[in-house]
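Okay, structure first, notes after.
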Amino acid sequence: MVSAIADVAYEVSTRRREAADYAGALWAAHQGLLAAEESELLHRQVFLAHHAAGDVDALREAAARLARINEGLGGRVDMEAETAQLLSTLLPKPVIRR
């Protein structure tokens, strides 16, 4: 049942994001995360929606939330490679001033 919920949430979130309904995309992804908090597939949907909406602060907070969830999963679970790659692409690079 959890897998079906996550799958539907992913599909609805994707469709809403593609329709530029970022609030709807976030709502759908968060509904799925209520059933499968550790689903990085759904967390990636959240990251993509925040990025598309231009909300970098919310993107950073969502990434920090996933890190906390992974840390709480019995002995520091690492982020999936696909998730880490997506975040490195979406998050702005720090500016070094000299």
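The values are calculated or read from the model by the stated rules, or taken from the named source; none is laboratory data. For clarity, every value in this text was computed on a predicted model and none was experimentally measured. Cβ coordinates were reconstructed from backbone atoms using ideal geometry, including for glycine residues, and neighbour counts include every protein chain displayed. When the accessible area is computed, the model is the full protein with side chains, heavy atoms only, and any ligands, DNA or RNA have been set aside. Shrake-Rupley method; radii C 1.70, N 1.55, O 1.52, S 1.80 Å.
General remarks:
- Scanning segment 1-11 for residues that are more than 15 Å from Val46 (Cβ to Cβ) and open to solvent by less than 60 Å² (accessible area, probe 1.4 Å) yields one hit, Ala4.
- Those residues of segment 12-26 which are among the acidic types (Asp, Glu) and open to solvent by 80 Å² or more (accessible area, probe 1.4 Å), in sequence order: Glu18
- Restricted to segment 27-58, and to residues there that are free of Cβ contacts under 8 Å to residues at least 40 places away in the same chain and among the charged types (D, E, K, R), the residue that is most open to solvent (accessible area, probe 1.4 Å) is Asp57.
- Count of residues meeting criterion [among the charged types (D, E, K, R), in a helix (DSSP H, G or I) and within 25 Å of Glu11 (Cβ to Cβ)] in segment 34-83: 5
- Hits in segment 1-33 (condition: at pLDDT 95 or above and assigned to a loop (DSSP other than H, G, I, E, B)): Ala19, Ala20, Asp21
- Contacts under 6 angstrom Cβ, first residue in segment 75-86 being more than 16 Å from Leu42 (Cα to Cα), partner at pLDDT below 95, 6 or more apart: Val77/Asn70
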